[in-house]
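Working notes for the structure below.
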Amino acid sequence: MTVPFYPWTVWIWAGFDPALIVVAVYLGWKADQFGKCFIAAIIAFAIAVLFSWAVSAAGIPWPAPITHDGPTFFTVRAVAALLWAMLGYGARYATRRRA
């Protein structure tokens, strides 16, 4: 049995899942402490995975599909969720500091 090889574009799409970005940035923006970015990332990851799975199951084309025979890249999605949540938190912190 050979190990499947996936090009980098597939890995990148897992981190740039639109549902993941929207939810993680929004929850990161709403976080009032840095530690809550981790909670925001976990919630964003779960919502994005469920949403991507539902869209893929319905047969609708999606940039980062989750199928039974395709790669899921949960690790990439989890790290990306944390980074997007921290970006949302940082953006809110930066805008509050200027005001």
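The values are calculated or read from the model by the stated rules, or taken from the named source; none is laboratory data. All values derive from a computational prediction rather than experimental measurement. Using ideal geometry, Cβ is built from the backbone for each residue, glycine included, and neighbour counts are taken over all protein chains shown. These accessible areas exclude ligands, DNA and RNA; they are computed on the full protein's heavy atoms, side chains included. Shrake-Rupley method; radii C 1.70, N 1.55, O 1.52, S 1.80 Å.
On the basis of being surrounded by 15 or more Cβ atoms within 10 Å (Cβ to Cβ) and out of contact with any strand residue (DSSP E or B) (no Cβ under 7 Å at 6 or more places or on another chain), does residue 57 make the cut? Criteria not met by residue 57.
In the stretch 47-89, the qualifying residues are those that are small (Gly, Ala, Ser) and touching a residue at least 24 places away in the same chain (Cβ under 8 Å), and the one that is nearest to residue 20 (Cα to Cα) is 48. Residue pairs whose Cβ atoms lie under 8 Å apart, sitting 6 or more positions apart in sequence or on different chains, and linking a residue in the stretch 1-27 that is closer than 21 Å to residue 54 by Cα to a partner that is among the charged types (D, E, K, R) and surrounded by 17 or more Cβ atoms within 10 Å (Cβ to Cβ), are 14/77; 15/77; 17/77; 20/77. Scanning the stretch 1-28 for residues that are under 18 Å from residue 70 (Cα atoms) and open to solvent by 100 Å² or more (accessible area, probe 1.4 Å) yields 1, 2, 3, 5, 8, 13, 16.
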